[in-house]
Amino acid sequence: MAESLPLEMLTYILSFLPLSDQKEASLVSWAWYHAAQNALRESLGLRGICCISLTSVDGSPASCQVLQSVAYHLGPHLQSLSLGGGSPTEASFVALILGCPALCVLDLSGCNSLFTSGTLLAQPEMAQSVRRALSGLRELNLAGLRDLADLSFNRLSSCAPSLERLSLAYCHLTFELGPARGSIGPQDSSPSRFSFRNLLRFVQERAGRLRALDLSGTGLPSEALQALGQVAGLQLQELSLHSCRDLSTEAVATLCFQQPGLTSLDLSGCSELTDGALLAVSRGLRHLRRLSLGKLQRLTDAGCTALGGLRELQSLNMAECCLVRGRELAQALGSVHRAPSQLASLSLAHCSSLKDASVLSMIPALGLSLRVLDLSSCVALTNRTLQAICTYLTHLSVLRLAWCRELCDWGLLGLEEPVQGTQPRPELEHQASGTKDPCPEPQGPSLLMLRALQELDLTACSKLTDASLAKVLQFPQLRQLSLSLLPELTDKGLVAVARGCPSLEHLALSHCSHVSDKGWAQAASSWPRLQHLNLSSCSQLTEQTLDAIGQACRQLRVLDVTMCPGINMAAVRHFQAQLPQVSCVQSRFVGGADLTLTL
């Protein structure tokens, strides 16, 4: 009967539903789909949505219609717009911008189609209209634009007179050796390449307003960094130089002297930097809050002592600093001369030299302010570190312990580790056998103490079994969980995790070879919010698991079933007929080669 109702009436009825139910209703039929789309557009307009991200936009009529609808229904209220990775036409892009006069943030990263021809905003009248629309734009992301040239950059940036934040990460910049001679003006702008001279002129003109600059992956040399830092009137607060591998320690030291107001600095992947760079940062940037030093292979413990001078530091990334053993870092973070730590995020992932002793001395100093801790691939850490985390860092929302292969059930349960050669504890035997759990209260801190967890990564912690996972994975707020490469995880553990963590949106269970259709038949109904699911190399699964997931996990967007021998292409196609919004990844060995398909 509903099929016979006019489109306008269906639209009116569906407009009373919440957005999630409107999306569900759109799967009923084509008539319901169009009605739900109309209701969605109208409800979005009424709700005054101020931030939107559009993916996979291209030059097709359907995409152009979507952009027109966004401009009409959302444009007047829109403050943040992302077209990242899309390929809209110049005409549809300009029409969209003209309909969004309140934009503060615009993301065009990877939108090469807008810059390939070099004619974007070439007409003065059009540029003037766009300038009025973008008069309040504060942030512009142009990362990854291979066809960006001086002329196209100048036209677009001139339409944003209030710009404060600019990203040019991984754009192709050309650098001239030696100092520039004479004045640099717009007449020197190239229609085919993006030059550092042109960027420098832009920075000089906007020095009084520009606060954040991202030049990651541009190959910025030391000479160019020094030229930027000494621009008159420039007072940067945020600077990202990720993977600028030619930068020297001396250039960073000069920058810290030139720009003492920096509060965020990313030097990850600047492989020539030594301990002296960290010493210069500590001396020159006293108000630094976010510091990223990942992949600095020449950084040692000696440099870490300088971190004690950064009293306002809130985020520290030292991932893949393989020479850092942690002792001096622990002393710097736990110095008695400092105020209580303000650190909210700490990454020491892949610091393979870290040992329990240094981490144990560090953890109490971190305090209750810490929310994110990443110790992935710190392979020497044991249960002692985990129990210290559960004792002192009870406010954590993100904990990553992937590839910490010494962790075992005792650590998660908060029990004392048995002396080598003694018999297994009876409580673990009972849990593993499925009998009623008679064990006493944990004798020490268990993972259950981290009640605020929203993300947990236990990938490849291969000693963990159902005995602990079923008992401690009880986090109603948990959104993201990885139990990949746990060979002892079975259906019993899967079902227990499903009941204990009902809010999961991202779940990774790849290479869990003991999980079967039977487990998923019971677990799937507990995860209605699931959006990303990785089941690759789960050898026991068949199309029955796909059926269970298809019926229960209606919000799913990405499913990975690569190397699942029991799931064939026909089953995947049938699954996508039920949930057409899902991107399915499947691979097969064909003629000795691994063929991966995304459907």
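Annotations
- The chain: relative contact order in percent, alpha carbon pairs under 8 Å with at least 6 residues between: 5 percent
- Portion, in percent, of the accessible area of region 37-171 that falls on carbon or sulfur, probe 1.4 Å: 54 percent
- Classification of region 71-144 by its C-alpha gyration tensor yields an oblate form. The axis ratio a/c (a ≥ b ≥ c) is 1.5 or more, and b/c is at least a/b.
- In order along region 347-364, phi translates into HN-Hα couplings of 10, 10, 4, 6, 8, 5, 8, 5, 10, 3, 4, 6, 5, 5, 6, 7, 4, x Hz, rounded to whole numbers, per the Karplus curve 6.51 cos²θ - 1.76 cosθ + 1.60 with θ = phi - 60° and x for Gly and Pro.
- Working note: Karplus 6.51/-1.76/1.60 with θ = phi - 60° gives region 126-141 the couplings 5, 4, 5, 5, 5, 4, 5, 5, 9, 5, x, 5, 9, 9, 9, 10 Hz, where Gly and Pro are set to x.
- 222 nm mean residue ellipticity, helices alone, for the chain (DSSP H n ≥ 4; -39,500 (n - 2.57); rounded to 500): -9500 deg cm²/dmol
- Relative contact order of region 464-599, defined on C-alpha pairs under 8 angstrom at six or more residues apart (%): 18 percent
- Surface share of carbon and sulfur [accessible, 1.4 angstrom probe, percent] for region 206-360: 49 percent
- The mean of 1/r over all distinct Cα pairs in region 252-391, once inverted, gives the Kirkwood hydrodynamic radius of 14.9 Å.
- Per-residue Karplus couplings for region 524-530, computed as 6.51 cos²θ - 1.76 cosθ + 1.60 with θ equal to phi - 60°, are listed in order as 4, 5, 7, 10, x, 8, 4 Hz, Gly and Pro entered as x.
- Expressed as a fraction of 2.2 N^0.38 Å, the value expected for a compact globular protein of N residues, the C-alpha radius of gyration of region 184-281 is 1.07.
- Fraction of alpha-carbon pairs over 14 Å apart in region 298-380 - percent: 58 percent
- Estimated from the Cβ-Cβ distance and a Förster radius of 41 angstrom, the FRET efficiency linking Ala357 and Glu250 is about 0.70.
- Taking all Cα-Cα distances within region 518-567, those exceeding 16 Å account for 33%.
- Annotation: amide H of Phe475 within the under-5 Å range of Cys501, sequence separation 5 or more or interchain, hydrogens built in the peptide plane.
- 5 angstrom amide H check on Ser583, placed H, neighbours 5+ away: Val558, Leu559
- Per residue, the chain exposes 44 Å² of accessible surface when a 1.4 Å probe is rolled over the protein heavy atoms with every protein chain present.
- Here the label points at Thr394 and Arg451, each 7 Å from Cα along the C-beta direction, are separated by 0.8 nm in the simple model.
- Computed Kirkwood radius, in angstrom, where 1/r is averaged over Cα pairs of the chain: 27.4 Å
The values are calculated or read from the model by the stated rules, or taken from the named source; none is laboratory data. Everything numeric in this text was worked out from a predicted model, so none of it was measured. Note that we place each Cβ from the backbone using ideal geometry, even for glycine, and neighbour counts take in every protein chain shown. The area values use the complete protein model at the heavy-atom level, side chains included, leaving out ligands, DNA and RNA. Shrake-Rupley method; radii C 1.70, N 1.55, O 1.52, S 1.80 Å.
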